[in-house]
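Novice: One structure is given below, represented as structure tokens, and several questions about it will come after.
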Amino acid sequence: MTDAATDAARHAASARRTALVLRHDSAIGLGNLRPTLEAHGYEIVTVDTPHHDLGALDPLAADLVVVLGGEEGAYEADRFPYLADEVRLLAARVDAEAPVFGVCLGAQLLAKTLGAEVRKGPRKEVGWLEVELTDAGAVSPVRHFAGVPTVQWHGDTFDLPEGVERLASSEQYENQAFARGDWLLAVQFHPEVDDAIHEEWLRLWGHELPEYGRSAEQLRAERAWHGPRANAASAALLSEYLDGLEVRERVLRERAS
């Protein structure tokens, strides 16, 4: 290998990024998000938070933290003590303005970290549904879900934290997505749902659907119809967010030099 090739290889190795994924349930994984993270050069480290000592983690070691969904409520740290550890980890990242991406429970934990109340909503929101973008959302990565139904499956909600921008709402839940600067992004809906996750959720929680006027067969049909567009929107959302992080990183590096 030439000296130039060696230098290039060393630079590529040093430039490799790490994404720490906080997972609450093996059925609620990265799904659609994984290929985009990998395409952007992220090494993915998944931690199952119910079974891991989060206090042993350096909250700032990873370039990005991704907080996935779960059946827990962000307000149930008395039942699930690891949620308090997650909030402490997230608080350290917020203080440092270190990149975080939250999905569903992840969004609720970020809202709680930022001082907002998280609570049960009036009724679960379940199915393939659209979100309505705010003006800020229309120029954010969430814009890729304009007119694209995506999976909703949650019963909790939260107040909008101070110092963030609301990016999207739905008919039932006003706060569907929010951001702080270009480093924190949170969505209540589920861009991660791929075919395997969708089918697993129907197997595990499909018994809930009749209560909300839906059936597994209906959701499978909606997945077949909307899934390809939702997959593309998911990849575009995360890719645009990650591109923004790369620009931010470059600007911060130039300012420090």
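Novice: Please work out the average accessible area per residue across the chain, using the 1.4 Å probe convention, and give it in Å².
Specialist: Working: 12030 Å² over 257 residues.
Averaged over the residues of the chain, the accessible area is 47 Å².
Novice: Pairs of alpha-carbon atoms within less than 8 angstrom and 6+ residues apart define the contacts here; what relative contact order does the chain have, in percent?
Specialist: On the way: 440 pairs, mean separation 48.5, N = 257.
Answer for the chain is 19 percent.
Novice: Along the three principal axes, how long is the chain when you take its alpha carbons, biggest first, rounded to the nearest angstrom?
Specialist: For the chain, the Cα spread along each principal axis is 64, 40, 38 Å.
Novice: Calculate the dipole size of region 19-98 relative to its Cα centre from +1 charges on Lys and Arg beta carbons and -1 charges on Asp and Glu beta carbons; express the result in debye to the nearest 20. Before the final figure, lay out the partial values.
Specialist: On the way: 5 positive and 15 negative charges, 30 e Å.
The calculation lands at about 140 debye.
Novice: In whole Å, what is the distance between the alpha-carbon centres of region 118-137 and region 174-195?
Specialist: Here the answer is 11 Å between Cα centres.
Novice: For region 71-150, rounded, prolate or oblate, judged on the Cα gyration tensor with a ≥ b ≥ c (square roots of eigenvalues), a/c < 1.5 rounded, else prolate if a/b > b/c?
Specialist: Details: a/c = 2.61, a/b = 1.37, b/c = 1.90.
Oblate.
Novice: Two-decimal Rg/Rh of region 42-114 from alpha-carbon positions, Kirkwood Rh? Don't jump to the answer; show the numbers that get you there.
Specialist: Details: Rg = 11.3 Å, Rh = 12.3 Å.
Here Rg/Rh amounts to 0.92.
Novice: Find the relative contact order for region 141-257 and round it to a whole percent, using C-alpha pairs within less than 8 Å whose residues are 6+ positions apart. Present the calculation step by step, with values, prior to reporting the outcome.
Specialist: Working: 104 pairs, mean separation 36.8, N = 117.
It comes to 31 percent, rounded to a whole number.
Novice: Hey, can you rank 65-75, 246-256 by average C-beta count inside 10 Å, highest first?
Specialist: Working: 65-75: 22.3, 246-256: 10.6.
Output ranking for 65-75, 246-256: 65-75, 246-256.
Novice: Would you mind putting 236-244, 53-61, 119-127, 163-171 in packing order, based on average other-beta-carbon counts within 10 Å, highest first?
Specialist: Numbers: 236-244: 19.6, 53-61: 12.9, 119-127: 14.7, 163-171: 18.0.
Final packing ranking: 236-244, 163-171, 119-127, 53-61.
Novice: What distance in nm separates the simple spin-label points at residue 119 and residue 218, each placed 7 Å from Cα in the Cβ direction?
Specialist: Taking the simple label geometry, residue 119 and residue 218 are separated by 2.9 nm.
Novice: Something else: Among 201, 228, 242, whose Cα projects farthest towards the positive end of the dipole of region 135-257, with charges put on the beta-carbon of Lys, Arg (+1) and Asp, Glu (-1)?
Specialist: Checking the options against the dipole of region 135-257, the answer is 242.
Novice: Oh, and also: With r as the distance between the Cβ atoms of residue 88 and residue 26 and R0 = 22 Å, compute the FRET efficiency 1/(1 + (r/R0)^6) and round to 0.05. Present the calculation step by step, with values, prior to reporting the outcome.
Specialist: Working: r = 24 Å, r/R0 = 1.07.
That gives a FRET efficiency of 0.40.
Novice: Would you mind telling me the share, in percent, of accessible area of the chain contributed by carbon and sulfur at probe 1.4 angstrom? Please report the intermediate quantities before stating the final value.
Specialist: Numbers: 5890 of 12030 Å².
Using a 1.4 Å probe with all protein chains present, the chain comes out at 49 percent carbon and sulfur.
Novice: Shifting gears a bit: Go through 182-190, 16-24 and give me the packing order, highest mean Cβ count within 10 Å leading.
Specialist: Values: 182-190: 24.8, 16-24: 20.3.
The most tightly packed comes first, giving 182-190, 16-24.
Novice: Under a Cβ-only charge scheme (Lys and Arg +1, Asp and Glu -1), can you give me the dipole magnitude of the chain about the Cα centre, in debye to the nearest 20?
Specialist: Here the size comes out at about 220 debye.
Novice: Here's something else I'd like to know. Grab the beta carbon distance between residue 146 and residue 58, set R0 = 45 Å, and tell me the FRET efficiency rounded to 0.05.
Specialist: On the way: r = 38 Å, r/R0 = 0.84.
The value I calculate is 0.75.
Novice: Placing +1 at every Lys and Arg Cβ and -1 at every Asp and Glu Cβ, with all other atoms neutral, what dipole size does region 153-240 have around its Cα centre, in debye to the nearest 20? Mind showing how you got there, number by number?
Specialist: Details: 7 positive and 17 negative charges, 47 e Å.
With Lys and Arg at +1 and Asp and Glu at -1, about 220 debye.
The values are calculated or read from the model by the stated rules, or taken from the named source; none is laboratory data. Values in this document were obtained by computation on a predicted structure and should not be read as measured data. For neighbour counting, all protein chains shown are included, and Cβ atoms are generated from backbone atoms with ideal geometry for every residue, glycine included. Ligands, DNA and RNA are stripped out before the accessible areas are found, and what is left, the full protein with its side chains, is counted by its heavy atoms. Shrake-Rupley method; radii C 1.70, N 1.55, O 1.52, S 1.80 Å.
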